[in-house]
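Enquirer: Let me begin by handing over the structure; questions about it come next.
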Amino acid sequence: MVIADHSADPFIADTATAGTRVGIAIHGAGSWKPYWIAPTLADFVTLLTCFTGAYVVERANRSDDDEDDYEIWPPAYHERLAALLRDHAPGVDAAAFLDYLRQ
């Protein structure tokens, strides 16, 4: 079941699994092959909290010259997000989520 999206890429809740794992797939690639990023909905909410926290810090540190460049994130952003996920969301597959973001 699609429960949200990121830049039109669907977040998919697998309601057939215990805990309802959540994945994200690339839209426009034919059939969806999700990156399974969170084993439960609770872990997914924690992932989103970390993702939002890293984003807010990154936006606050960007200059006005970078205002239109939403798709390019510096390595420091990915490192900050990885650290937040490691510290607050140990059940999340941070590597899979970061691989998705780097595409």
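Every number in this text was worked out from the coordinates using simple rules, so none of it is lab data. Small disclaimer: the values here were computed from a predicted structure and weren't measured. Reconstructed Cβ throughout: ideal geometry from the backbone, glycine too, with neighbour counts over all protein chains shown.
Enquirer: Hey, what number do you get for the chain at 222 nm if only DSSP H runs of n ≥ 4 count, each worth -39500 (n - 2.57), divided across all residues, to the nearest 500? Numbers along the way, then the final one.
Expert: Numbers: 3 runs with 43 residues, N = 103.
Estimated from H runs of four or more residues: -13500 deg cm²/dmol.
Enquirer: Apply the membrane-span-like helix rule to the chain: whole DSSP H runs, Cα extent along the own long axis of at least 15 Å, mean Kyte-Doolittle hydropathy at least 0.0. List the helices found. Kindly include the intermediate steps, with their values, before the conclusion.
Expert: On the way: long enough: 41-61 (30 Å, 0.89); 75-88 (20 Å, -0.61).
Correct list, ordered by number: 41-61.
Enquirer: At 0.36 nm per residue, minus the direct Cα-Cα distance, what do ASP14 and ALA95 gain on full extension? Give it in nm, one decimal, please. It would help to have the intermediate numbers written out before the result.
Expert: Values: separation 81, 0.36 × 81 = 29.16 nm, distance 1.95 nm.
Separation in residues times 0.36 nm, less the Cα-Cα distance, equals 27.2 nm.
Enquirer: Here's another thing I want to ask about it. What is the gain in length, in nm to one decimal, between THR52 and ILE3 on full extension, counting 0.36 nm per residue of separation less the C-alpha to C-alpha distance? Display every interim value, and only then the final one.
Expert: Details: separation 49, 0.36 × 49 = 17.64 nm, distance 1.71 nm.
Difference between extended and current length: 15.9 nm.
Enquirer: Something else about it: Give the long-range amide H neighbours of ASP5: residues separated by 5 or more places, or on another chain, with amide H under 5 Å away, using H modelled in the peptide plane at 1.01 Å from N.
Expert: Correct list: PHE11.
Enquirer: Taking springs between alpha-carbon atoms closer than 10 angstrom, which of VAL45, VAL56, VAL22 fluctuates most in the Gaussian network model of the chain?
Expert: VAL56
Enquirer: Could you compute the longest span of the chain free of chymotrypsin sites (Phe, Trp or Tyr not before Pro) located in DSSP loops and having at most 15 other Cβ atoms within 10 Å, not counting the site residues?
Expert: Working: sites that count: TRP32, TYR70.
With a cap of 15 other Cβ atoms within 10 Å, the longest stretch comes to 33-69.
Enquirer: Of the listed values (1) -0.38, -0.59, -0.65, -0.93; (2) -0.57, -0.75, -0.78, -0.94; (3) -0.28, -0.55, -0.63, -0.96, identify the label whose number matches log10 I(q)/I(0) by the Debye sum over Cα atoms at q = 0.10, 0.14, 0.15, 0.19 Å⁻¹ calculated from this model.
Expert: (3)
Enquirer: Full extension from HIS88 to TRP32: what is 0.36 nm times the residue separation minus their Cα-Cα distance, to one decimal in nm? Could the numbers behind the result be given before it?
Expert: Numbers: separation 56, 0.36 × 56 = 20.16 nm, distance 2.82 nm.
Additional length available on full extension: 17.3 nm.
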